[in-house]
Amino acid sequence: MNQEFARAVPVGVRNGLSGGMAISMPAIAQFWQHPRKDSVVEQIILGQKRSCLAISEPHAGSDVAKIVTVAKKSKCGKYYIVNGIKKWITAGMNADFFSVAVRTGGEGAGGISFLLVDKNDPKTAEGIDVKHIKTSDAKAAATAWVYFDDCYVPVENLMGEENAGFKLIMANFNHERWLICAGVMGGIRMILKDCFLWCQQRKVFGKKLISQPVIRFKLGRMIGAIEALEGYMESLTFQMANMDHSISNMMLGGPTAILKYQTTRTMTLVVDEAVQLFGGRALTASGMGKNVEIIQRTYKFASILGGSEEIMADLGVRQALLFFPPNAKL
């Protein structure tokens, strides 16, 4: 569904409508043990409420273990008092629920917890403020700063156990990264289609573009990269859908990271070739090249969000080494 949505809806609008929900609601559904959980999830799915994932900070992007937003217990023990800043939060401007990474313990991954912050709670809402961030993406993405200033969150809104949130966040990242890949796949297939149609109709020096060997070579590169990526993604999707969830979290973190790396590298190739094929129309926000213009302006979002390419490649190799015989030789 996300692939097809990506074909028809600009990335900014898509992120604002479903992006924040798609990467935050699974955490609520899986990790929040509360009587209200089913009701909250239902409201989000039906579009009555909106949610977002609030992890990144000005000083901590891909390095989640470095977050500094702090949550301390109130004297009465009924609340976490949250203070800190989150940045680049997709759909944060309109969110009712925030799945938030906070520091409840010491430094590093072992001191992180995962909280559900409900802006509909009047006491909680007093400590939350959001501000729009202007990015290369459309304003519809509702990308935001999120400020927590003595924000009171009921202790019942802790997802999982205190100081054990890092593993939950990492597990949620698998789904988020897969979702990004699905959206990219839909987008680059749409671009490939536009390139084929354009090369069939555009004439240069009295000949159609498609008649030129160098143009067919460019299209062939795009097709080969996309189809190979689709096979990898379908294989990984099958495993995600059929593995036990606990095993999936342990075994598929590395392959999912490599999938995201290869997906965004493939998108870079496709976008680069598409711009060359469309020429000036790829830089024009209307007309026959409008789809290419949108993606060439925004394609690096997928390369950064959910973990940068360098982090993804490194994570994939490090995860593989966990199961690799340490003394193996040629």
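Bear in mind these aren't lab numbers, they're just calculated from the coordinates by the rules spelled out. All values derive from a computational prediction rather than experimental measurement. Neighbour counts run over all protein chains shown; Cβ positions are idealised from the backbone, glycine included.
Kirkwood hydrodynamic radius for region 49-190: how many Å is it when counted over pairs of different Cα atoms?
On the way: mean 1/r = 0.0644 Å⁻¹.
Averaging 1/r across every pair of different Cα atoms and inverting gives 15.5 Å.
How would you rank 117-125, 34-42, highest first, on the average number of other Cβ atoms within 10 Å across their residues?
117-125, 34-42
Given +1 on the Cβ of Lys and Arg, -1 on the Cβ of Asp and Glu, and no further charges, what dipole in debye does the chain carry about its Cα centre, rounded to the nearest 20?
1160 debye
Taking Cα pairs under 8 Å and at least six residues apart, what relative contact order does the chain come out at, in percent? Intermediate results must be reported in sequence, preceding the final value.
Numbers: 569 pairs, mean separation 55.0, N = 330.
Contact order relative to length: 17 percent.
Between N163 and K329, 0.36 nm times their residue separation minus their Cα-Cα distance comes to what?
55.8 nm
Under the rule of -39500 (n - 2.57) per DSSP H run of 4 or more residues, summed and divided by the residues of the chain, what mean residue ellipticity at 222 nm is obtained, to the nearest 500 deg cm²/dmol?
Details: 12 runs with 164 residues, N = 330.
Result for the chain, helices only: -16000 deg cm²/dmol.
Where does each of 47-56, 161-170, 208-217 land if you order them by average Cβ count within 10 Å, highest first?
Working: 47-56: 22.5, 161-170: 18.5, 208-217: 13.5.
Answer by packing, highest mean first, reads 47-56, 161-170, 208-217.
So how tilted is helix 213-242 from the main axis of the chain? Cα-based, degrees 0 to 90, rounded to 10.
30 degrees
For a Förster distance of 30 Å, can you work out the FRET efficiency between the beta-carbons of R36 and R7, rounded to the nearest 0.05?
Efficiency, rounded to the nearest 0.05: 0.25.
Give the distance, in whole Å, between the Cα centre of region 290-330 and the Cα centre of region 2-79.
Computed from Cα coordinates, the inter-centre distance equals 22 Å.
Lys and Arg at +1, Asp and Glu at -1: add these up for the other residues within a Cβ distance under 12 Å of S74 and post the number.
+4
Tally the DSSP beta bridges in the chain and give the antiparallel ones as a percent, rounded to 5.
Given both bridge residues lie in the chain, the antiparallel proportion sits at roughly 85 percent.
Against the globular-protein guess of 2.2 N^0.38 Å, express the Cα radius of gyration of region 129-273 as a ratio, rounded to two decimals.
1.46
Between A125 and S246, what is the FRET efficiency for a Förster distance of 41 Å, r being their Cβ-Cβ separation, to the nearest 0.05?
Working: r = 36 Å, r/R0 = 0.87.
About 0.70, to the nearest 0.05.
Would you mind counting up the charge near A257? Only other residues with Cβ under 12 Å from its Cβ, with Lys and Arg at +1 and Asp and Glu at -1.
Summing Lys/Arg as +1 and Asp/Glu as -1 gives -1.
Once fully extended, how much extra length lies between M288 and V70, figured as 0.36 nm per residue of separation less the alpha-carbon to alpha-carbon distance?
My answer for the length gained is 73.6 nm.
Do the alpha carbons of any pairs in K66/K329; K72/K139; K73/K139; K72/K123; K119/K260; K49/K131 sit beyond 25 Å of each other, and which pairs?
Pairs exceeding the cut-off: K66/K329; K72/K139; K73/K139; K119/K260.
Using a 10 Å cut-off on Cβ atoms, rank the peptides 85-91, 26-32 from the highest mean neighbour count down.
In decreasing order of mean packing, 85-91, 26-32 become 85-91, 26-32.
Out of F196, F97, F301, any idea which swings most in a Gaussian network model of the chain, alpha carbons joined below 10 Å?
The residue with the greatest mean-square fluctuation here is F196.
Extension gain L269-Q201, at 0.36 nm per residue separation less the Cα-Cα distance, in nm?
That works out to 22.2 nm of additional length.
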